[in-house]
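In what follows, a single structure is set out as structure tokens and then discussed.
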Amino acid sequence: MPDHLDAAMLADHPQPRRILREVALMAALFGIYNLGRLISAQHAGAAFLNADALIHFQAGLGLPSEADVQSLALRIPDLISIANRYYAAVHFPLTALVLIWLLVKRPAEYTKARWSLALLTGFALIGHLMFPLAPPRMLPELGWVDTGVLLGQSVYGPDAESGLANQFAAMPSLHVGWAFMVAVYLIRATRSRWRWLWIAHPVITFAVVVVTANHYWLDGVIALLLAVPLVLVFDSRRVRRQRRPLSPVTKSPELQKARR
């Protein structure tokens, strides 16, 4: 194999050192994000005032009550139990697995996914700090049920200041935002005709966070409004790179044949 072809193909596959570096970077970013809970936990009063304002705003928009939707879901046997498990077990593990898979199998897509997710998480952290918001499950007097506590499946501690998660980080919903990005990058990175089924992931996630009373409608909507531009920006960068003149290495017939 020609030297230039060998070098180009190796560049398309991440080395173990890079994999470890990227995993460490993601862990560091996750740790920094979790520091936000220490600050937000001190703003419980503002979080409940913001919740009251948001509920009235949604009512003014004519959005249906999440409590009514949850009430319907509670009538379906085992549905809420499944929703609780989905909320607890899919969000972070699936996102991490997809990032690792992209890093190993689709390095170019991984770079875009990493920065999109990092920026979305950064914007969300700013939102969580500037607009702490008590989730619906903390407002039983308004008709919501904390389904995690009800069924003994809660991922949170007994109060807002316990556990690893920031319990006032409802706006925007990273569950919805990350799910949307996972679906987008998996659809881009694969060629199977079944890849479009990944659209179900953000749809199911949105439904889950509502029926479990962890988020309001606008939490998910705002997350999508933040995520969509980020995906489009990084996609436009990819298109511009594709339009650049090919380097001699990229033009190599051997490399083109190997990539096919």
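The values are calculated or read from the model by the stated rules, or taken from the named source; none is laboratory data. Everything numeric in this text was worked out from a predicted model, so none of it was measured. Here the Cβ positions follow ideal geometry from the backbone for every residue, glycine too, while neighbour counts run over all protein chains shown.
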_Members of the stretch 192-227 found to be part of a helix (DSSP H, G or I), modelled with pLDDT of 95 or more and either closer than 17 Å to residue 123 by Cβ or charged (D, E, K, R) (or both), listed by number_ = 218, 219, 220, 221, 222, 223, 224, 225, 226, 227
*Which number in (1) buried (at least 20 other Cβ atoms within 10 Å of the Cβ); (2) more than 20 Å from residue 85 (Cα to Cα) marks the one condition that residue 173 misses?*
(2)
*residue 114 versus (1) surrounded by fewer than 16 Cβ atoms within 10 Å (Cβ to Cβ); (2) closer than 30 Å to residue 22 by Cα; (3) of a type in the set (D, E, K, R): which is the lone unmet condition?*
(1)
*Could you give me the residue pairs with C-beta distances under 9 Å whose first residue belongs to the stretch 88-107 and is within 10 Å of residue 182 (Cα to Cα), whose second residue is surrounded by 13 or more Cβ atoms within 10 Å (Cβ to Cβ) and among the charged types (D, E, K, R) wherever it lies, and which are 6+ apart or on separate chains?*
99/22; 99/114
*Of all residues in the stretch 117-141, which are loosely packed, with under 14 Cβ neighbours inside 10 Å and either within 28 Å of residue 232 (Cα to Cα) or of a type in the set (A, V, I, L, M, F, W, C) (or both)?*
122, 126, 130
*Mind listing whichever residues of the stretch 55-78 are farther than 21 Å from residue 219 by Cα and either touching a Cys at 6+ places or on another chain (Cβ under 9 Å) or surrounded by 16 or more Cβ atoms within 10 Å (Cβ to Cβ) (or both)?*
none
*Select from the stretch 45-84 the residues that are assigned to a loop (DSSP other than H, G, I, E, B), farther than 20 Å from residue 153 by Cα and more than 25 Å from the chain's Cα centre (by Cα) and list them in ascending order.*
62
*Filter the stretch 228-249 down to the residues that are farther than 24 Å from residue 185 by Cα and assigned to a helix (DSSP H, G or I), then identify the one that is modelled with the lowest pLDDT.*
249
*Residues satisfying the stated conditions in the stretch 115-158, i.e. assigned to a helix (DSSP H, G or I), of a type in the set (Asp, Glu) and within 16 Å of residue 212 (Cβ to Cβ)*: none
*Test: residue 200 is touching a residue at least 40 places away in the same chain (Cβ under 8 Å) and aliphatic (A, V, I, L, M)*: no
*Within the stretch 174-188, can one find any residue that is of a type outside the set (A, V, I, L, M) and without any contact (Cβ under 8 Å) to a residue 12 or more places away in the chain?*
no
*List the number of the failed condition for residue 146; all other conditions in (1) under 15 Å from residue 182 (Cα atoms); (2) more than 15 Å from the chain's Cα centre (by Cα); (3) not polar (S, T, N, Q) hold.*
(1)
